[in-house]
């Protein structure tokens with residue numbers, strides 16, 4: 001069936017007008033509740049809050065809230081707004097990221113988590129000093145701070161722009177309110193406030209998706225109709241096994257790329273590691289990752305199905321081609337106001353869902369930035385009391401919150417560079433993942449190899465990313481799917497008549513002038529710069545590992561013996577623990593081996609690291625001698 005939607009030829013002002021009083025009330029209520037959670041934890045911990053309480057919740061958290069917080073922290077408004085549009089434009093093949101999530105959880109929980117938890121570190125980059133040296137740690141810290149600040153600024157600005165132009169919400173009001181609320185509850189309540197607001201915001205995000213899905217299914221006449229429309233339009237393109245690395249999305253690029261990208265976020269990123277460190281035991285920390293896997297699936301599948309709903313409604317009259325919206329990012333808010341505008345408060349729920357994603361990402365980033373700065377740039381160089389460090393953490397949360405708002409304002413001047421900025425930030429994760437992998441998986445890697453690998457990997461990944469912005473990939477590699485306009489109701493006056501051309505036809509053919517330019521394209525543009533953007537992270541990771549290992553072997557790495565506990569051992573693997581437990585049951589020693597992870601506390605499973613900071617000097621001395 002073809003849904004005769006009421007807004008076919010309405011302008012954006014009429015859509016904005018449908019965002020009523022109750023919608024603003026629902027949106028404001030979400031902000032108020034988030035702030036109240038921060039106030040509650042500020043009063044609950046006002047007498048006894050230490051730096052460790054503020055940054056890692058005193059290591060008292062359990063698996064379920066941490067799992068939901070893990071999901072919410074990287075499910076930003078970009079997920080709510082951009083993933084459905086990706087499906088609308090290019091098909092549902094992105095859903096294969098679900099398989100990448102599985103590999104990411106296994107790698108993160110088995111290879112990275114045991115090391116960080118054993119050491120009891122607050123900042124991920126403390127590990128780099130323990131394993132390599134202070135220079136490598138400082139380099140990694142600065143890279144993380146730059147990346148997080150730029151990304152957070154974009155995350156604040158992007159949804160504000162899209163929602164402003166469709167709903168009429170003030171752009172600057174949205175920017176400032178988002179930044180101030182995040183800064184407020186991060187500063188007052190610390191990490192516990194961040195986690196529990198993430199849980200609340202996760203519920204809001206799911207409620208927003210469900211509202212769209214339920215109404216879409218009712219209006220279109222069932223799930224089968226939506227899938228049939230999507231199949232007819234080529235949107236169910238899941239099994240493309242083309243091995244070419246130049247194709248934007250295939251089975252291989254999505255699974256390999258998503259595995260590396262999400263491992264760089266969940267395996268080593270400070271915002272996520274900080275959550276693992278807040279768990280009371282290693283078992284809770286690992287369980288949080290596996291529970292998080294389920295919630296990641298739920299969010300991704302919901303957003304992908306929303307994309308299919310979007311296509312089912314506008315398959316015959318694309319709002320972007322017909323200039324009803326000025327950018328693709330506005331398609332989801334446009335759909336919400338189109339099909340839910342008659343339900344007071346429901347459009348406001350979607351806006352709250354989009355901003356819940358932003359709040360969770362920004363709060364995670366602000367808290368992680370404060371933790372890294374205190375642990376890596378203040379404690380090693382200044383002798384401060386516990387109370388002063390706690391105040392410094394809160395002060396840094398305020399400062400970083402203000403800086404993020406400022407960068408969001410700067411992003412408003414960047415125009416078309418927003419997408420470029422996000423791509424560049426993504427390339428920074430690959431080399432960092434390679435550096436941590438080098439330290440954890442390769443005992444022969446030394447500080448010279450680590451630094452050489454990081455710098456080389458960063459240079460290569462940025463080279464590809466920047467080159468890809470100057471030389472766009474060819475249409476045969478992107479293969480955008482067609483968008484139609486023949487079903488539009490052209491009942492407007494002469495001044496509003498438009499040229500109803502098919503978007504895919506415009507995008508697929510190259511003008512004679514462009515053909516002339518294509519002849520002058522360097523060879524790298526058709527190969528190196530045309531690699532799928534999902535391969536930027538894997539390339540940075542692999543280059544870092546290969547170069548780092550080569551340099552290490554040629555600079556004395558073969559004789560290096562890292563301190564115990566800094567590299568992965570078979571005892572860290574869950575499969576080995578299960579094997580030992582089963583063997584113990586057979587031999588009658590099960591009592592000593594059963595559920596050993598339940599009693600493993602951060603920083604206490606290895607006696608050498610019961611007080612990590614006191615051992616840094618000894619470890620550094622050992623590395624120097626080696």
| task | May I ask you to list the residues of segment 79-101 whose amide nitrogen lies under 19 Å from a point 7 Å from Cα along the Cα→beta-carbon direction of residue 239? | result | 91-100
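Please work out the ratio of the alpha-carbon Rg of segment 221-351 to 2.2 N^0.38 Å and round it to two decimals.
Here the answer is 1.36, to two decimals.
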| remark: Length gained if residue 570 through residue 142 is fully extended, taking 0.36 nm per residue and subtracting the Cα-Cα distance, is 150.8 nm
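Between residue 585 and residue 106, 0.36 nm times their residue separation minus their Cα-Cα distance comes to what? Display every interim value, and only then the final one.
Details: separation 479, 0.36 × 479 = 172.44 nm, distance 2.56 nm.
Result for the pair: 169.9 nm of gain on full extension.
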| remark: Rh_Kirkwood(segment 193-269) over Cα pairs, Å, one decimal, evaluates to 16.1 Å
| field | Fully extended contour minus Cα-Cα distance, from residue 232 to residue 469, at 0.36 nm per residue | value | 82.1 nm
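When N counts the residues of segment 312-357, how does its alpha-carbon radius of gyration compare numerically with 2.2 N^0.38 Å, as a ratio?
Working: Rg = 11.4 Å, N = 46, 2.2 N^0.38 = 9.4 Å.
Relative to the rule-of-thumb radius for its length, segment 312-357 sits at 1.21.
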| task | With a cut-off of 14 Å, note down the residues of segment 276-292 whose backbone N falls inside the zone around a label point 7 Å from the Cα of residue 206 toward its beta carbon. | result | 291-292
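Which order do the peptides 541-549, 120-128, 577-585, 347-355 take when ranked by the mean count of other beta-carbon atoms within 10 Å per residue, highest first? Before the final figure, lay out each step's value.
Details: 541-549: 22.9, 120-128: 25.2, 577-585: 13.8, 347-355: 27.9.
Going from most to least packed, we get 347-355, 120-128, 541-549, 577-585.
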| If you project the alpha carbons of segment 285-331 onto their three principal axes, what span does each projection cover, largest first, in Å? | 49, 19, 8
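Values quoted throughout were computed directly from the atomic coordinates according to the rules given, and no laboratory measurement underlies them. Source: prediction; values computed, not measured. So basically every Cβ, Gly included, is an ideal-geometry build from the backbone, and we count neighbours across all protein chains shown.
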